[in-house]
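Values in this text are rule-based calculations from the coordinates and carry no lab data. Everything numeric in this text was worked out from a predicted model, so none of it was measured. Here Cβ is always computed from backbone atoms with ideal geometry, including for glycine, and neighbour counts include all displayed protein chains.
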Amino acid sequence: MSREQLIEMTRNLIEHGAADTMELADEVVRVPASAYTDPELFEQEKSKIFKRLPLMVAPSCELPNPGDFKAMDICGVPLFLSRQKDGEVIAFLNMCSHRGNPIVEGTGNAARFMCGYHGWTFKQNGDLIGVASPQDFGSIDKSKHCLTRFPVHESAGLIWATLDPNSTLSIPDYLCGYDSLLEAFGLEDWTLFSQRTLAGPNWKTAYDGYLDFYHLPVLHKDTFGADFYNRANFFAWGPHQRLSAPSKMATRVGSDVEEDLSQMSDDEIPHDALLSGVWTIFPHISIASFYGGGQRGAMISQLFPGSHVGESFTTQYYVMENQPETEEDIKSAHEQFDFLEVVVRDEDYATGKRQHEALQSGLMKEVLFGKNERGGQVFHGWVEKLLAADEAGLADMFAPQQAEAAE
Ligand code: FES
Ligand SMILES: [Fe+2]
């Protein structure tokens, strides 16, 4: 974790806050409205972005113990994660090497896996150890029929996997050093309090909202309040972006008292003030801190495209530094989580769905991202760039950025 980098960003936010300014992009950017509605483009996004790039598949605390597993379906790719005895996580294609039946469903804990179709068994590490009725089945080399693995990487309390077993893109390279900053959340020692999945509009329509403070005091006037800042400065590491409101004031976790950060030395700035705002991980994650149930908490939103261009699904993971223990704290943590569900479901996604239906009329050719909406500009720029990149170009695209981030 680089506290210096976090301090540098915080100083930027303090200075702009004190001067009542924000960093603006160079120009207003236009994105074709069809980028949100074209079913063919949507298919390309699934294959060239979601099935080709590392995705944050689970917070580490969803699989805290050896043997823990979780099955997922991402854009039609069946995947399961399994925490090994030595603590490592392996990501498998969730298909039995006999005839392709999914090996596990949902979540659970298992020392080995038995396929529910004909009973082939696999070790936790995917090795095929038992062919049912081997004397009848015929001879095969078991070592050639292990479960297929996907590239996987765990850092900062988050697990990434790439849904292409043959991907040559290094996941750490792809993260451009951003995960070393995410470490500052300390998520590897946190616990999962609750999770739920919400249906939303087109995945980019939904994701735009996470990269946008401009809408906060308007769309969320009844929940966050009409005096919420609508300005954000943006910081980028490759396609991954953090956005945070320029402000010299901050409240310490668990307190209502505003403190003037501009009067503090670097050492005095509270840790939580360094993590303000929304931290997004391209192409589909947003992380924001919240306080509830007497604990530090964070909402991790994980977005996936649905089965058609106008549909997405978001899993909200509410992670907490410690599990709340008293009844009152548990209740208040649930209330905090329910509140965030209402904000996203009834305000962001309800608006996104209306916006999507209107865009599908085809009568508007372009949508606009203002100079104050750099997050959306950068996001849509990367989507276009990644759709145009061939297989070989991907690794090249991320290797130099990684070096740049480490400078
Ligand atoms: S498909 Fe798994 S044992 Fe037959
Ligand atoms: Fe919103």
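Which log10 I(q)/I(0) values, to two decimals, does the chain give at q = 0.07 Å⁻¹ under the Debye formula with one point per Cα? Values, matching the q order: -0.35. Given +1 at the Cβ of Lys and Arg, -1 at the Cβ of Asp and Glu and no other charges, the dipole of the chain around its Cα centre is 1520 debye to the nearest 20. Of the residues Thr223, Thr314, the one with the fewest other Cβ atoms within 10 Å heads the list, and the complete ranking is Thr223, Thr314. Expressed per residue, the C-alpha convex hull volume of the range 142-181 stands at 77 Å³. Taking every alpha-carbon pair in the range 68-153 and binning the separations at 10 Å intervals from zero gives 18, 54, 24, 5 percent. Averaging the Cα positions of each part gives two centres, and for the range 164-186 and the range 272-303 these lie 18 Å apart.
Partner lysines whose Cα lies under 21 Å from the Cα of Lys46, excluding those fewer than 8 positions away in the same chain, are identified as Lys204, Lys353, Lys385. Just checking the listed ones, Ser289, Ser332, Ser255: in the Gaussian network model of the chain with Cα springs under 10 Å, the one fluctuating most is Ser255. Phi angles of the range 302-311 translate, via the Karplus equation with coefficients 6.51, -1.76, 1.60 and θ = phi - 60°, into HN-Hα couplings of 10, 10, 10, x, x, 8, 9, 4, x, 9 Hz per residue; Gly and Pro are given as x.
Fewest neighbouring Cβ atoms within 10 Å first, the residues Leu55, Leu93, Leu387 line up as Leu387, Leu93, Leu55. The length gained by stretching the chain between Ser255 and Ala18 to full extension, at 0.36 nm per residue less their Cα-Cα distance, is 83.1 nm.
Looking at the chain, which longest stretch skips every one of the trypsin sites (Lys or Arg not before Pro) that is in a DSSP loop with at most 10 other Cβ atoms within 10 Å, leaving the sites themselves out? It would help to have the intermediate numbers written out before the result.
Working: sites that count: Lys85, Arg99, Lys365.
Here the longest run is 100-364.
Working from label points 7 Å from Cα in the Cα-to-Cβ sense, the Arg99 to Asn230 distance is 6.0 nm.
A Förster radius of 41 Å combined with the Cβ-Cβ distance from His215 to Thr148 puts the calculated FRET efficiency at roughly 0.45.
How much length is gained if the chain between Asp141 and Asp73 is pulled fully straight, taking 0.36 nm per residue apart and subtracting their Cα-Cα distance, in nm to one decimal?
Working: separation 68, 0.36 × 68 = 24.48 nm, distance 2.91 nm.
Contour length minus the Cα-Cα distance gives 21.6 nm.
Who wins for biggest fluctuation among Pro172, Pro217, Pro305 in a Gaussian network model of the chain, springs between alpha carbons below 10 Å? Result: Pro217 has the largest fluctuation of those listed. Arranged from fewest to most other beta-carbon atoms within 10 Å of their beta carbon, Ile14, Ile287, Ile129, Ile74 become Ile129, Ile74, Ile14, Ile287.
Can you give the FRET efficiency for Val28 and Asn166, using 1/(1 + (r/R0)^6), R0 = 45 Å, r = Cβ-Cβ distance, to the nearest 0.05? Before the final figure, lay out each step's value.
Numbers: r = 41 Å, r/R0 = 0.90.
It comes out at approximately 0.65.
Fully extending the segment from Ser361 to Ala199, taken as 0.36 nm per residue of separation minus the present Cα-Cα distance, adds 56.2 nm.
Rounded to 0.05, the FRET efficiency of the Ala111 and Glu384 pair, given R0 = 56 Å and the Cβ-Cβ distance, is 0.75. For Lys221, the aspartates and glutamates whose Cα comes closer than 13 Å to its Cα, not counting residues fewer than 8 places off in the same chain, are Asp346, Glu347, Asp348. For the range 251-270, the residues whose backbone nitrogen is under 16 Å from a point 7 Å from the Cα of Arg3, taken along Cα to Cβ, are 264-270.
Spacing of the modelled spin labels on Glu391 and Asp86, each 7 Å from Cα toward Cβ, amounts to 2.9 nm.
Of the residues Gly225, Gly67, Gly277, the one that moves most in a GNM of the chain with alpha-carbon contacts below 10 Å is Gly225.
Can you pull out the GluC sites (Glu not before Pro) in the range 293-367 that DSSP calls coil and that have at most 12 other Cβ atoms within 10 Å? All intermediate terms of the calculation are to be shown ahead of the outcome.
Details: sites: Glu311, Glu321, Glu325, Glu327, Glu328, Glu335, Glu341, Glu347, Glu357, Glu366; in loops: Glu311, Glu321, Glu325.
Sites meeting the loop and neighbour criteria: Glu325.
Specify whether the C-alpha gyration tensor of the range 326-389 places it in the rounded, prolate or oblate class, a ≥ b ≥ c being the square roots of the eigenvalues: rounded for a/c under 1.5, otherwise prolate if a/b is larger than b/c and oblate if not. Here the range 326-389 falls in the prolate category. Straight-line cross-link reach from Lys85 at under 16 Å between alpha-carbon atoms covers these lysines, not counting any fewer than eight positions away in the same chain: Lys70, Lys123.
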